[in-house]
1. Quickly run through the range B:96-135 and pick out the residues that are away from ligand 2 (no atom under 16 Å from the Cβ), buried (at least 24 other Cβ atoms within 10 Å of the Cβ) and hydrophobic (A, V, I, L, M, F, W, C).
2. Read through the list (1) open to solvent by 10 Å² or more (accessible area, probe 1.4 Å); (2) of a type in the set (Gly, Ala, Ser); (3) facing chain A (nearest Cβ under 9 Å), then give the number of the only condition that B:Ala79 fails.
3. I need the full set of residues from the range B:65-80 which are farther than 19 Å from B:Lys41 by Cβ and within 15 Å of ligand 1 (Cβ to nearest atom), in order please.
4. Checking B:Met422 against (1) open to solvent by less than 50 Å² (accessible area, probe 1.4 Å); (2) within 18 Å of B:Ser340 (Cβ to Cβ); (3) modelled with pLDDT of 95 or more, which test does it fail?
5. What's the number of the condition B:Ala86 fails, among (1) part of a helix (DSSP H, G or I); (2) over 30 Å from A:Val72 (Cβ atoms); (3) in contact with a helix residue (DSSP H, G or I) (Cβ under 8 Å, 6 or more places away or on another chain); (4) more than 16 Å from ligand 2 (Cβ to nearest atom)?
6. Could you please let me know if B:Lys376 is more than 22 Å from A:Ala140 (Cα to Cα) and assigned to a loop (DSSP other than H, G, I, E, B)?
7. Under 18 Å from the mean Cα position of the chain (by Cα), open to solvent by less than 20 Å² (accessible area, probe 1.4 Å) and at pLDDT 95 or above: does that describe A:Ala163?
8. Give the residue that is surrounded by the most Cβ atoms within 10 Å (Cβ to Cβ), with candidates limited to residues of the range A:192-217 that are touching a residue at least 24 places away in the same chain (Cβ under 8 Å) and more than 8 Å from chain B (Cβ to nearest Cβ).
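The values are calculated or read from the model by the stated rules, or taken from the named source; none is laboratory data. Just so it is clear, the structure is predicted and the values come from calculations on it, not from any experiment. Note: ideal-geometry Cβ built from the backbone for every residue, glycine included; neighbour counts use all protein chains shown. Each accessible area value is taken on the protein alone, full model and side chains, heavy atoms only, with ligands, DNA and RNA left out. Shrake-Rupley method; radii C 1.70, N 1.55, O 1.52, S 1.80 Å.
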Amino acid sequence: MRQLCKGNVAIVKGALLAGCRSYYGYPITPASEIAEAAAEYMPQVGGTFLQAESEVAAINMVYGAASAGLRVMTASSGPGISLMQEGISYLAGSELPCVIVDVVRGGPGLGNIAPEQSDYFALVKGGGHGNYKNIVVAPASVQEMADLTRLAFELADRYRNPAVVLTDGFIGQMMEPLELQAVESVQPEKPWAVKGTRETRKNLIASIYLEPDELEAHVRKLEEKYKKAAEVESRHELYRAEDPEVLLVGYGITSRVLRSVVDMMRKEGVRAGLFRPITLWPFPAEALRHAARRAQMVLVVEMSTGQMVEDVRLTLDGRVDVEFYGRTGGNVPMADEVCKELTERMGMTAEWGV
Amino acid sequence: MDEYQVIESKSPVFYDKYERKAELQHQTHYCPGCGHGVVHKLIAEAIADMGVQDRTILVTPVGCSVFAYYYFDMGNVQAAHGRAPAVATAVKRSNPESIVIGYQGDGDLAAIGTAEIVHAANRGEKITIFFVNNAIYGMTGGQLAPTTLVGQFSTTSPWGRRPSNEGYPLRMAELLATLEAPVYIERVALCDNKNIMKARKAVRKALELQRDGAGFSFIEILSPCPTIWKMTPQEARKWIEEKMLAVFPLGVFRDRKLAPMADGVPQTTVTKLLGLDKPLEVVTRPMAVKDSQPDLTVKIAGFGGQGVLLLGQILAEMGMREGREVSWLPSYGPEMRSGSAHCHVCLSKERVGSPVIEHPDVLIAMNEPSLHKFSKMVEAHGTILYNNHKLPAGLPPCEAKIYCVPASEIADGLGTTKATNMVMLGALLELTHTLPRETALALLKAKVRNVKLLDVDCQAIDAGMACLRKQLGSSTDAHAHDGELAPCS
Ligand SMILES: Cc1ncc(C[n+]2csc(CCOP(=O)(O)OP(=O)(O)O)c2C)c(N)n1
Ligand code: SF4
């Protein structure tokens, strides 16, 4: 059935259907509804909700529950995510699956609570210390908040690694129809977990490898895992991108603006298309190269001063002109505004009602 | 490579061979005379005697005891520096049948992890913490700890601890004993055999209390670190007795039972919880929405408390029930605290692009500031519904058509200002003909449980429709429900 649902709440609904019954978190706007929904739902289905004393504690509680082999999650926004970074590194180092949601707000520092996409570096590129990756999915609708949270749990377990749902204040706060399947995920066995039983007594959850060779072997093993994930797990969506002369690239809320831009540009006779990464790591590089193969220009639009654009540039490696347009502070680029930017950069003139 | 066996007789809770390099497999990594080894033995012995080895989980810290998992043949989880109580909290809650031990040094517990220990204790987590206080950072080579004594030298207090610079030693047992939840708190010392026997008893008691589900237990152990203190093991023990005891008095700081606490959360299934067992209530549609009906974007703005956000939600939900793609985007955060609120609603035949509306088809301005602020944004062919009977002076010219709908006044007339948003909803339905009145009524019926309120809401919708119909006059056709409105409830 369809229900009108808030993005943040959809995350918890998706998590419940993924079999997650453990939530540890600390409130922060614009992510607090996730904690509130978890506080309401989890205890009613025999699960655990605990408001931790800080994000530092929360992520370490996630570490504890993940050690026990449970599907567990937390959610926060910029400042809280910064505090969690050490814990995320430990989770990756100890190969513990979990889901971390970042409902991105304006930064740096306290910034503001309006939506931004400025945590891409912090989560897609690591953010914590050491050689590790987060799996990162980027929902663009309320429906995807639920669906991709579910996917995040699956990927986290498949690769024994933290998975991040990277979204923003608008998708978190908005309501849209949500359709849920009343089928719960089947969870994999986790023989490595520490459960306080005879069978799991010898198990150890740790990320310490004091000998250089041992640590290197461990890091290589993680690297192999990431290589495999990069080969098969990237996801993306195309919109009118069969023959684009201009390829727009954006994720999350921005991709929705860009859809409108594509339609508006096509009306003006410009063959525009949209490439939307759904996974930010693994970045859908191969698909992007393919989509951009005939483009004369690629325009990356983000609510940041330019973070994902670096991955687009690396991917396309100078084969095509990659332009960037960004807004920050909580300003969402408007379709008119992007059309104007685009036509200017193409050397065209057209009237846009800005 | 030679195989080594640990020769001395030892607890079955310890591994026979330690996971260390060749010649080191038979000995621990601790320095001679180190207190950690003694504490390990006391714990192992208690676990063995209680027969709970299989279900015990050790959460280890960062510090000299980071490698405790080399020795303890039990479930092991290595935690980040200071976070053992947080990790142990979730380990225990995830494995309620297990016995969970947090093991921490003074830097780990009393400096970087102060928040975690205080809160785990305050929540009364059913775990046991063994706090090894050696008044120094051992692992990192002898820096100042929060428990370093006044005047005590360390590599980062080269003139001795100066209260003027570093404050005074932190007494964790006393501090935690100010809390309500802990059931057992004791400080013991490894200064001589008599005191070691006391420590042995305390360790055992703490673990037994956990086994019996009693609550949070905490044992602080004053422990020698001969290496960093630059003493012989004998001198170190003596130093505890002579110096540390004066600052950290031994004794039981808490020993009590907690009254049983009710949990009391009703249980259900995920399917029920998420409403997946109920089909969406079917809406009767005498006036079916035609495919040709245009998409609609609405911006609603006003003061908080005028039902701005709710009106938007109802509109979005109506659209959804009519089979449209919809989105509702609210203003959120401090803006709301200042008293203003707005939201954007899109109703569309196709997937909604940006939920942020640049140029709404309709602006519902619930107050004057909103009218001033947003009127210029409305599409040229668009409409503004303004909550008043006349337009304010000094409104800059705009291309949109403006209708005055004194919604608050009408609502007041119906007995409650709260229905203002429903009057506006009525006006909007009349204006756009995009959504049928019946859908609104069905939706309200499902949402508003109070019969009286529901009745007022319905009247408000009708009054809003009537108000706008009068103004639209003959320019709109008399339509289906003119004069023959179905009863509200
Ligand atoms: C976040 C972080 N900061 C600093 C360190 C470095 N560090 C490791 S152990 C330690 C202090 C250990 O002292 P204590 O807890 O007293 O244990 P001991 O070694 O004396 O048993 C420090 C500062 C670290 N591992 N992680
Ligand atoms: S440095 Fe001190 S605490 Fe660490 S092992 Fe040696 S004696 Fe023990």
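1. Of the residues in the range B:96-135, the ones away from ligand 2 (no atom under 16 Å from the Cβ) are B:96-102, B:112-129.
Now restrict to residues that are buried (at least 24 other Cβ atoms within 10 Å of the Cβ): B:98-102, B:113, B:116-117, B:120-121, B:125, B:127-129.
Listed by number, the residues that qualify are B:Ile99, B:Val100, B:Ile101, B:Ile117, B:Ala120, B:Ala121, B:Ile127, B:Ile129.
2. (1)
3. Narrowing the range B:65-80 to residues farther than 19 Å from B:Lys41 by Cβ: B:75, B:77-80.
Hits for the range B:65-80 are B:Gln78, B:Ala79, B:Ala80.
4. Exception for B:Met422: condition (2).
5. Exception for B:Ala86: condition (2).
6. Numbers: more than 22 Å from A:Ala140 (Cα to Cα): yes; assigned to a loop (DSSP other than H, G, I, E, B): no.
So B:Lys376 does not fit the description; no.
7. Numbers: under 18 Å from the mean Cα position of the chain (by Cα): yes; open to solvent by less than 20 Å² (accessible area, probe 1.4 Å): yes; at pLDDT 95 or above: yes.
For A:Ala163, the condition - under 18 Å from the mean Cα position of the chain (by Cα), open to solvent by less than 20 Å² (accessible area, probe 1.4 Å) and at pLDDT 95 or above - is met.
8. Only one residue fits best here, namely A:Ala193.
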